[in-house]
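As structure tokens, the structure follows; a few thoughts come after it.
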Amino acid sequence: MDISLEKVDLVVERTGATYAEAKEALEKTDGDVVDAIILIEKSKTSWSDNMADRGQQLVDKVKELLRKGNVTKITVKKDGELLMNIPVTAAAIGSMISAPLALIGLGGAILSKCTIEVQKEDGEIINVNDMISKNIHHKTDEED
């Protein structure tokens with residue numbers, strides 16, 4: 001198996017992957033540049049699909065918590081700093097009026113690594129991101 005710098009450069013140039021990702025893909029494909037490019041493209045597609053699934057799950061989880069009726073507010077934080085503090089009535093009305101916009105907003109929050117928390121009437125705070133991550137890892141484990 002011949003993995004040269006030229007092959008790694010070709011894969012990096014065509015895919016935008018890091019050198020480490022390109023080298024790993026070439027190793028997995030026994031040095032075949034085309035197969036390495038295809039492997040990286042498939043992994044990027046599955047990443048974007050995963051993010052779309054995660055965004056939809058996030059919207060569904062928030063709607064489920066809202067339906068239970070004991071939620072008082074939804075907060076969005078990044079690096080511990082409060083970005084948004086949304087009263088539950090505003091969040092419910094907004095997500096019902098425009099579910100696609102709610103999905104885009106929550107998807108953006110996920111991509112920018114924001115934390116979405118739901119506060120219940122009893123003061124309990126539920127980290128929605130953690131719930132979704134556990135659900136995704138559980139599904140991934142079942143598929144393997």
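Here the label points at Lys77 and Lys28, each 7 Å from Cα along the C-beta direction, are separated by 3.5 nm in the simple model. Over 24 Å between Cα atoms, which of Lys63/Lys113; Lys23/Lys78; Lys42/Lys77 qualify? Lys23/Lys78; Lys42/Lys77, as the Cα separations exceed 24 Å there. Based on C-alpha pairs under 8 angstrom that are at least 6 apart in sequence, region 5-47 has a relative contact order of 35 percent.
Placing a pseudo-label 7 Å from each Cα along the Cα-to-Cβ vector at Ala20 and Met84 gives an inter-label distance of 3.3 nm. Here the spin labels are modelled as points 7 Å beyond Cα on the Cα-Cβ line, and at Gln56 and Asp122 they lie 3.2 nm apart.
FYI, it's all coordinate maths here, none of it is from the lab. Keep in mind that this is a model prediction, so the values were computed, not measured. As a convention, Cβ positions derive from the backbone with ideal geometry for all residues, glycine included, and neighbour counts pool all protein chains shown.
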